[in-house]
Amino acid sequence: VLFIDDEENIVSLVSGLFTDLGVNHDTASNGKIALDKVLEKKGTDEQYDLIITDINMPNLNGIDMLKKIYKITSDISVIILSAHNDTENFINSIQMGIDGYILKPIEFNQFLETIYKVITNIKYKKDNKKYKLNIYCGDSLNYDIHKKFNIEKFDVIMGNPPFNKGGIKSSSGR
């Protein structure tokens with residue numbers, strides 16, 4: 001997670017919350033610093049899955065920063081924080097495909113619920129990518145994915161044969 005806000009007290013509060021929850025995160029105080037961090041981590045194992053950003057910040061505002069980030073990678077989820085109920089920014093952010101919008105002052109339960117929903121969606125997307133990738137990698141990897149998701153019932157409904165570590169079961173069990 002990359003958390004971006006120019007208000008030091010909010011950054012400190014959210015950073016402490018993420019630390020307490022065991023969430024791997026970085027912070028930035030403006031869009032320029034955040035953009036540099038995204039570029040630095042792009043294509044690495046530490047690439048950000050989620051950006052939580054304020055809109056109104058010095059050097060590079062949140063909307064312009066996101067436009068630049070989306071040119072680099074579209075495979076990132078975004079939650080926008082804003083102290084302003086600004087219709088234009090809200091519409092711009094929806095058109096950009098953001099995943100959540102939280103008004104300041106931050107209401108703790110709404111903040112956690114929004115993050116939980118977005119992180120759950122990120123997990124589903126990643127699991128789906130792994131599943132699609134592993135479909136082409138052989139029965140033993142397929143077995144591991146099927147076991148992980150416990151989707152044997154889904155396979156039966158879809159007419160796909162069940163998997164075992166030795167390969168596809170035949171109707172006679174051999």
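The values are calculated or read from the model by the stated rules, or taken from the named source; none is laboratory data. What you see is a predicted model; the values in this text were computed from it and never measured. Here the Cβ positions follow ideal geometry from the backbone for every residue, glycine too, while neighbour counts run over all protein chains shown. When the accessible area is computed, the model is the full protein with side chains, heavy atoms only, and any ligands, DNA or RNA have been set aside. Shrake-Rupley method; radii C 1.70, N 1.55, O 1.52, S 1.80 Å.
Annotations for the structure displayed:
- Remark: spin-label model distance residue 49-residue 103 equals 3.0 nm, labels positioned 7 Å along the Cα→Cβ axis.
- With all protein chains modelled, accessible area of residue 124 [1.4 Å, Å²]: 150 Å²
- Among the trypsin sites (Lys or Arg not before Pro) in the range 1-87, those located in a DSSP loop and surrounded by at most 15 other Cβ atoms within 10 Å of their own Cβ are 42.
- With the charge dipole of the range 39-82 set up from +1 on Lys and Arg Cβ and -1 on Asp and Glu Cβ about the Cα centre, the Cα lying farthest toward the positive end among the listed residues 78, 65, 50 is that of 65.
- Cβ-Cβ FRET estimate between residue 87 and residue 17, R0 fixed at 30 Å, reported to 0.05: 0.55
- Inter-site label distance for residue 8 and residue 56 at 7 Å from Cα along Cβ, in nm: 2.0 nm
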